[in-house]
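I have placed the structure first, in the form of C-alpha cells, so that the comments after it can refer back to it.
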Amino acid sequence: MRPFYLYKTHRGIFYVQFFNELSGKRGSPHSTFQRNYNDALRVACNWFQKGLPTREGRKPVEQVATVQSFMSLLEGGKLGGAELQRITQALSAQGLAVSAIAQDKPQSTECTKTLLVPFLENFWTYVSSPYVQDKLIHKQKIGKRHCYDSKNRIAYWKTFFGDEKFLEDVSTVDLKAFEKSLADKGLSTGTLNHIMIAGKTAFKWAVANKKLVEDPCIGLTRYGKETKERDILTEEEVKKLFKVKWTDERARVGSLVAMTCGLRMGEVLALRMCDVAENRLYVRHSWSALDGLKTPKNGKAREVPLLPSVKKELTMLASKNPFGWDKERFIFYGTLPDRPVVENVLNEGFKGALLLAKISEEQRKDRNIVFHSWRHYYAKVIADRVEQRQAQLALGHMTAAMTEFYADHKTESDLVAIERAVGDAFSGTLG
C-alpha cells in the first residue's frame, strides 16, 4: 500500500497527505507545487524518503505524523492517567522537567504490563525497534521496506484487539479467534500469513528476551499457499510488444534487460554503467525506495551474459541521463541524481505497451502478467536449453547446500553455455 495519498485541487495543483500510522488516518495536506501527476509523485516519494521541509529543516514524515497524532489525543482529552504516567516517566528519563502528574497515586499492577498494539508497532519501527537493532548489531539483514510493510499489518491486530489489550494477556485462544476473524475478510493466504507473522515474530522475540513467559503462537497452524500462478508472454506476443512505441524509453529498456538477463525490478533499477562489462552484466545490488542500494535478494552478487544489442541500449540510455554521464550514476535515471526512476514508471510503461500490443488490462490481470513475469520468461527459455545448475547460476537461485556450493564455484564454461543459450533464445525476438 502506498504510504501517501495524492489528489488534485480545482486549481490543478497536486497535494499529498501522508498516512498517520498511529491514527490510521491521513495527515495534513501539503502542496507539491506540481501540476503533473508523475512530478507530484516524485516530490511525494522524495519527502517520504528524506523528510518534509519545515522552517527548522527537514523532518521525517513519521516524526511529523507522530507529533500531530499525540497532540490531537492530548488536546482532545483522550489520554488517561496510565498513559500520562508513562509519558511523564519517559520524559523524566530524558532529563526533562515534568509536573508531578499522578506521582502520588499508587500504580496498579496493570501499569507494569505492556500494551499489545504499541508494542507491535514499535517492534516494527526500524529506527527504534530493539529487534531490528539486535539484527543490525549481529550483521543480519533486515530491510526498512520489510519493517514498514510489517508495521502496516499491525492495523489488523489493532482492529481486533483494540487499544486496551495487554501483551501478557494474549492467549492462544485469542489468536485462534483473531485468525478466524481474518479468514472472514476474504484475504489471500499469503496476506494472512504475513499478518500473523508480524505478530508471531514479535511474540517469539518477547519470550527470548524474558518479556513473556511462553509464546501463545505455539500450536497455531500456518496458512497453506494459494498463490495464483504467474503467466508469461508467448514469443509472438513478445515480438509485438517490442515493435510498438513505448511511452517511456526507460520502461522499454528495463523490460528488455529483465527479459534477456532475468533481473528483478529492484536489480534493474540499481544498474549503473560500472556494472556493465563487454559481454557480462554484474548484478551486485538491488534498489529499494526505503533501503536504497542493498544486496540482491539472496544476499550474493552474480554475473549473467549480456547480449551486445542490450548493452548498446543500456549505454544509449545512460548517455541520456540529465545529470550527465558517470559510470556510478543510475542507468535508469530519475528526477534526482542519486536515485533511480520510481518503479511505477517501469510498471506503467510495461502495461501501456501491452495494451498497444493488443493485450487488454483484463487479459493481463486474468493471466497475472506483471513486470516480474519477465524473470519467469527468462527462466523458462534458459531452463529449456541448459542444465539445472547453470540455470540456477543465471537466476541467482540458491535453495540448497549443494546448489550454493556449485554457485560459489562457477566456471567461465558455465557462463559461455548460458551466453549461447541467451543468444539462441532471443535472436528471433530481437532480430
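Bear in mind that the values in this text are calculations on the coordinates, not laboratory data. None of these values were measured; they are calculated from a predicted model. All Cβ positions, even for glycine, are placed from backbone atoms using ideal geometry, and neighbour counts span all protein chains on display.
Taking amide H positions as placed 1.01 Å from N in the peptide plane, with prolines and chain starts having none, which residues 5 or more places from Leu281, or on another chain, fall under 5 Å of its amide H?
Here the answer is Val304, Leu306, since their amide H atoms fall under 5 Å of that of Leu281.
Using only the alpha carbons, work out the radius of gyration and Dmax of the range 235-430 in angstrom.
16.3, 46
Send over the Kirkwood Rh of the range 113-226, from the inverse of the averaged 1/r over different Cα pairs, rounded to one decimal Å. Write down the numbers at each step before the final one.
On the way: mean 1/r = 0.0687 Å⁻¹.
In the range 113-226 this quantity evaluates to 14.5 Å.
When Lys and Arg each count +1 and Asp and Glu each count -1, what net charge do the other residues less than 12 Å away from Lys200, Cβ to Cβ, add up to?
On the way: positive: Arg153, Lys204, Arg222; negative: Glu179, Asp215.
Local charge sum for Lys200: +1.
For Phe166, enumerate residues with amide H under 5 Å from its amide H, sequence gap 5+ or separate chain, H modeled in the peptide plane.
Leu116
Give me a comma-separated list of calculated 3J(HN,Hα) values for the range 341-354, in order, Karplus coefficients 6.51, -1.76, 1.60 applied at θ = phi - 60°, integers in Hz, x for any Gly or Pro.
Ordered by residue, 3J(HN,Hα) equals 5, 5, 4, 4, 5, 5, 5, 5, x, 5, 5, x, 5, 4 Hz.
Given the range 178-219 reduced to its alpha-carbon atoms as identical point scatterers, what log10 I(q)/I(0) does the Debye formula return at q = 0.35 Å⁻¹?
-1.15
Among Trp124, Trp325, which comes first, then next, by fewest other beta-carbon atoms within 10 Å? Provide the component values of the computation, followed by the final result.
Numbers: Trp124 23, Trp325 11.
Listing Trp124, Trp325 from fewest to most nearby Cβ atoms yields Trp325, Trp124.
Hey, what do the phi angles of the range 7-19 turn into as Karplus ³J(HN,Hα) couplings, whole Hz, using 6.51/-1.76/1.60 and θ = phi - 60°, x for Gly and Pro?
The phi angles translate into 8, 9, 7, 5, 8, x, 9, 7, 10, 10, 10, 8, 6 Hz.
Could you check the simple spin-label distance between Lys358 and Leu293, using points 7 Å along Cα→Cβ, in nm with one decimal?
Once both label points are built, they end up 4.4 nm from each other.
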